[in-house]
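Engineer: If you scroll down you'll find the structure; I have some questions about it.
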Amino acid sequence: MLLSHYPSSSYLDNNSPLIYGCMGLGGNWDDSPINKELIKQAHDVVDAALEAGIRVFDHADIYTLGKAELVFGEVLKQRPELLDNISIQSKCGIRFAEGNIPGRYDFSPEWIEHSVNGILQRLQLESIDVLLLHRPDPLMEPALVAEIFDKLHQQGKVKNFGVSNMNAQQMQFLQSELKEPLVCNQLELSLSKHDWLDETISTNCNGFQPTNFASGSVEYCRQNSVQLQAWGSLSQGLFTGQDVSDKAANIQNTARLVGQLASEYQTSPEAIVLSWLMQHPSKIQPVIGTTNLDRIKACSEASKIRLTREQWYQLFVSVRGNALP
């Protein structure tokens with residue numbers, strides 16, 4: 001039986017400082033079937049996330065080739081009461097290579113509708129809170145996307161829509177045809193991936209290296225009440241226990257600084273890294289994807305501390321490896 005999902009509060013009012021990214025669920029990226037062990041892992045992860053105050057769960061139709069949604073659907077089937085307290089989002093638009101057809105992006109109405117139906121079937125739901133377009137499709141026709149969004153919304157299959165990895169101009173272009181506002185944009189934002197900050201300080205600076213981040217994207221989201229979500233927020237453990245002895249001096253120095261601050265605040269290195277990100281005034285929601293239950297708990301401490309302005313800049317300058325211009 002499919003489950004209805006109508007939480008009491010709106011998506012943006014869920015009071016979840018962190019988002020749990022479900023890419024690690026479902027086992028390997030192959031066609032092996034899900035089993036009891038993988039379903040149990042999903043149960044354990046959900047419990048740890050809820051204990052950590054996480055109420056948003058992030059999926060994508062491609063994660064472990066759909067198996068991440070399958071195991072999560074089994075959790076929801078066994079515990080339908082969870083739906084009263086969580087928000088569920090998923091992403092579509094990435095298509096893998098097939099024979100001589102290369103991997104590609106697809107925002108055609110037909111593929112979006114097909115993807116949503118598959119997402120709902122795997123999650124065993126009648127609706128999801130948010131559908132995100134995963135990566136920009138150069139062939140996107142905003143008017144056609146708007147039509148299928150409206151259809152899915154009218155059918156009750158998707159309550160809200162968002163994007164991932166889009167810049168301000170792309171969002172504005174798409175929004176020009178949509179009836180409802182885009183509610184979120186999921187971008188790679190972290191202490192190590194800091195070009196989103198570098199671009200804000202590069203104006204009128206001779207010799208400043210160009211960044212791989214479109215100017216004004218963060219500001220656009222803030223001005224238009226678009227929730228910024230940060231994938232890769234923990235930098236794949238770069239500052240929280242990974243061996244960095246072979247890394248550049250700025251990475252080694254920053255890892256030491258994170259450790260020093262964690263000791264000073266009597267918290268985890270994960271909390272320092274995430275707190276740094278969350279302290280930005282755009283109120284970023286970090287997406288964490290670890291399946292390590294202790295690490296999920298460590299991440300939850302981020303909302304309990306607040307770095308000083310000087311400590312925030314210490315980390316920023318340290319990871320940049322050079323002084324601000």
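The values are calculated or read from the model by the stated rules, or taken from the named source; none is laboratory data. This one's a predicted model, so the numbers in the text were calculated from it and none came from an experiment. With ideal geometry, Cβ positions are generated from the backbone for all residues, glycine too; neighbour counts draw on all protein chains shown. Side chains included, ligands, DNA and RNA excluded: accessible areas come from the protein's heavy atoms. Shrake-Rupley method; radii C 1.70, N 1.55, O 1.52, S 1.80 Å.
Engineer: Can you tell me how segment 140-244 classifies by the Cα gyration tensor, rounded, prolate or oblate, using a/c under 1.5 as the rounded cut? Please report the intermediate quantities before stating the final value.
Structural biologist: Details: a/c = 3.13, a/b = 1.63, b/c = 1.92.
Verdict is oblate for segment 140-244.
Engineer: Okay, next question. Would you tell me the accessible area of residue 63, worked out with a 1.4 angstrom probe on the heavy atoms of the protein chains, in Å² to the nearest 10?
Structural biologist: 20 Å²
Engineer: Toward the positive end of the charge dipole of segment 86-212, about the Cα centre and with charges on Cβ (Lys, Arg +1; Asp, Glu -1), which of 105, 115, 204 goes farthest?
Structural biologist: 115
Engineer: Using a 1.4 Å probe and counting only protein heavy atoms, arrange 296, 39, 101 so the residue with the most accessible area comes first.
Structural biologist: Numbers: 296 0, 39 25, 101 75 Å².
Accessible-area ranking of 296, 39, 101, largest first: 101, 39, 296.
Engineer: How high is the relative contact order of segment 6-156? Use alpha-carbon pairs under 8 Å, at least six apart in sequence, and give a whole percent. Working shown, then result.
Structural biologist: Values: 232 pairs, mean separation 35.6, N = 151.
Worked out over segment 6-156, it gives 24 percent.
Engineer: For segment 25-136, which whole-number percentage of the solvent-accessible area (1.4 Å probe, protein heavy atoms only) is attributable to carbon and sulfur atoms?
Structural biologist: On the way: 2320 of 4650 Å².
It is 50 percent, rounded to a whole number.
Engineer: Same structure again: Per-residue HN-Hα couplings for segment 193-206, Karplus 6.51 cos²θ - 1.76 cosθ + 1.60 at θ = phi - 60°, whole Hz, x for Gly and Pro?
Structural biologist: Taking θ as phi minus 60°, the curve returns 9, 10, 5, 5, 8, 4, 5, 7, 10, 8, 4, 6, 10, 5 Hz for segment 193-206.
Engineer: Set the bar at 29 Å for Cα to Cα. Now go through 91/193; 67/304; 36/151; 77/151; 77/159 and name every pair that lies beyond it.
Structural biologist: Values: 91/193 22 Å; 67/304 34 Å; 36/151 36 Å; 77/151 26 Å; 77/159 21 Å.
Check vs 29 Å cut-off fails for 67/304; 36/151.
Engineer: Calculate the dipole size of segment 125-186 relative to its Cα centre from +1 charges on Lys and Arg beta carbons and -1 charges on Asp and Glu beta carbons; express the result in debye to the nearest 20. Could you put the intermediate results ahead of the total?
Structural biologist: Working: 5 positive and 8 negative charges, 23 e Å.
Dipole magnitude for segment 125-186 comes out near 100 debye.
Engineer: Still on this structure, please answer the following. Please list 3J(HN,Hα) in residue order for segment 258-265, calculated via the Karplus relation 6.51 cos²θ - 1.76 cosθ + 1.60 where θ = phi - 60°; whole Hz, with x for glycine and proline.
Structural biologist: For segment 258-265, the Karplus curve yields 4, x, 5, 5, 4, 5, 5, 8 Hz.
Engineer: Okay, next question. Give the carbon-plus-sulfur fraction of the accessible surface of segment 197-325 in %, rounded to a whole number; probe 1.4 Å, heavy atoms of protein chains only.
Structural biologist: On the way: 2980 of 6650 Å².
Taking all protein chains in place, segment 197-325 shows 45 percent carbon and sulfur surface.
Engineer: Something else now. Given +1 on the Cβ of Lys and Arg, -1 on the Cβ of Asp and Glu, and no further charges, what dipole in debye does the chain carry about its Cα centre, rounded to the nearest 20? Mind dumping the intermediate values first?
Structural biologist: On the way: 26 positive and 37 negative charges, 117 e Å.
Using only the charged Cβ atoms, the result is roughly 560 debye.
Engineer: Right, next: Pop the C-beta distance of residue 78 and residue 204 into the FRET formula with R0 = 51 Å and round what comes out to the nearest 0.05.
Structural biologist: 0.30
Engineer: While we're here: Ordered by residue, what ³J(HN,Hα) values in Hz, to whole numbers, does segment 118-130 give under the Karplus form 6.51 cos²θ - 1.76 cosθ + 1.60, where θ = phi - 60° and Gly and Pro are x?
Structural biologist: Per-residue couplings from phi come out as x, 4, 5, 5, 5, 7, 6, 10, 8, 7, 10, 6, 9 Hz.
Engineer: Okay, helix-only estimate at 222 nm for the chain: each DSSP H run of n ≥ 4 adds -39500 (n - 2.57), divide by all residues, round to 500 deg cm²/dmol; what do you get?
Structural biologist: Numbers: 11 runs with 122 residues, N = 325.
For the chain, the value works out to -11500 deg cm²/dmol.
Engineer: Let me ask something additional. Per residue, how much accessible area does the chain have with a 1.4 Å probe, in Å²? Before the final figure, lay out the partial values.
Structural biologist: Working: 15280 Å² over 325 residues.
For the chain, the solvent-accessible area averages 47 Å² per residue.
Engineer: Then there is this: Whole Å is fine, so just give me how far the alpha carbon centre of segment 186-207 lies from that of segment 46-112.
Structural biologist: Value for the Cα centre distance between the two parts: 30 Å.
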